[in-house]
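Enquirer: Take a look at the following structure, please.
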Amino acid sequence: MTKDRATYEIMRPQDIGIDESVLTLGPRSGRHGLRARLERLGYEVEDEELEKIYQRFLQIADRKKHVYDEDLELLMRDSSSQVSGWSLAALQVTAGTAGMPVCALQLTHNGERFEDAATGNGPVDAAFRAVDRIVGKEHLLEDYSLRSISAGKDAQGEATVKISREGLSAMGRAASTDVIEASVKAYINAVNRLLVMERTKDRPAVNRPQL
């Protein structure tokens with residue numbers, strides 16, 4: 001289709017009042033289709049970077065029937081803004097009216113895997129507490145919000161988290177069709193940013209020659 005539209009289109013889209021036909025991306029879409037859509041959105045992606053983006057695209061496509069441009073915009077934004085450090089490996093939440101919510105987490109850091117669990121006032125609170133237990137630091141949650149990124153019942157939810165510790169504050173964002181997962185990833189992203197800020201703050205100042 002990307003090489004020669006005439007292979008599949010028996011008429012021009014303009015003949016029926018449409019500017020152009022648009023390929024629907026889904027779980028079976030290939031790398032060429034993804035790259036063509038990204039280029040249409042204004043992104044130029046190198047081959048090495050495309051493979052990483054494609055793997056993340058498949059994770060989204062496995063959960064959604066269709067992947068919309070809004071999903072790709074968010075994917076590209078996250079791909080260029082992720083901070084290295086802790087990352088989510090596995091997540092399991094137990095919640096309901098019968099008992100206190102519990103979250104069990106597995107995080108990775110420098111190739112090692114760590115796991116712990118915590119309870120909370122809700123599944124998100126329990127997840128944040130579990131992250132703190134694994135990281136070994138307590139954080140103050142200053143702000144937390146969720147919003148829908150794309151349309152439909154399988155829409156992605158974007159979580160925004162702002163946390164602080166010892167006079168420093170940082171914000172993290174992440175998205176997923178699972179709002180708990182999005183919340184945890186946003187929280188971890190903020191934790192990683194705080195760690196970078198702490199290292200920068202503690203770094204000795206460089207003596208510069210006076211002019």
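Enquirer: What is the Rg over Rh value, at two decimals, for the range 145-185, using alpha-carbon atoms and the Kirkwood definition of Rh? Display every interim value, and only then the final one.
Expert: Details: Rg = 11.9 Å, Rh = 10.7 Å.
Radius of gyration relative to Kirkwood radius: 1.11.
Enquirer: May I have the convex hull volume per residue, in Å³, for the Cα set of the range 98-196? Walk me through the numbers on the way to the answer.
Expert: Details: hull volume 10.6 nm³, N = 99.
Here the figure is 107 Å³ per residue.
Enquirer: Extent of the range 23-67 along each principal axis, from alpha carbon coordinates, in Å, largest to smallest?
Expert: 26, 20, 13
Enquirer: Moving to a separate point now. Among the listed pairs Lys52/Lys162; Lys52/Lys153; Lys137/Lys162; Lys65/Lys153, which are separated by more than 18 Å between their Cα atoms? Could you put the intermediate results ahead of the total?
Expert: Numbers: Lys52/Lys162 27 Å; Lys52/Lys153 27 Å; Lys137/Lys162 15 Å; Lys65/Lys153 10 Å.
Cα-Cα > 18 Å for Lys52/Lys162; Lys52/Lys153; rest within.
Enquirer: Largest first, how would Val67, Val124, Val179 line up by accessible area (1.4 Å probe)? Spell out each step's value before the answer.
Expert: Details: Val67 5, Val124 30, Val179 65 Å².
Highest to lowest solvent-accessible surface, that is Val179, Val124, Val67.
Enquirer: With every protein chain kept in the model, how would you rank Arg56, Arg28 by accessible area, 1.4 Å probe, largest at the top? Walk me through the numbers on the way to the answer.
Expert: Working: Arg56 85, Arg28 235 Å².
From most accessible down to least: Arg28, Arg56.
Enquirer: Right, next: So for the range 44-171, considering every pair of alpha-carbon atoms, how many percent are separated by more than 18 Å? Each step should come with its number before you reach the end.
Expert: Working: 5318 of 8128 pairs.
Result for the distance tail: 65 percent.
The values are calculated or read from the model by the stated rules, or taken from the named source; none is laboratory data. All values reported here derive from a predicted model rather than from experimental measurement. These accessible areas exclude ligands, DNA and RNA; they are computed on the full protein's heavy atoms, side chains included. Shrake-Rupley method; radii C 1.70, N 1.55, O 1.52, S 1.80 Å.
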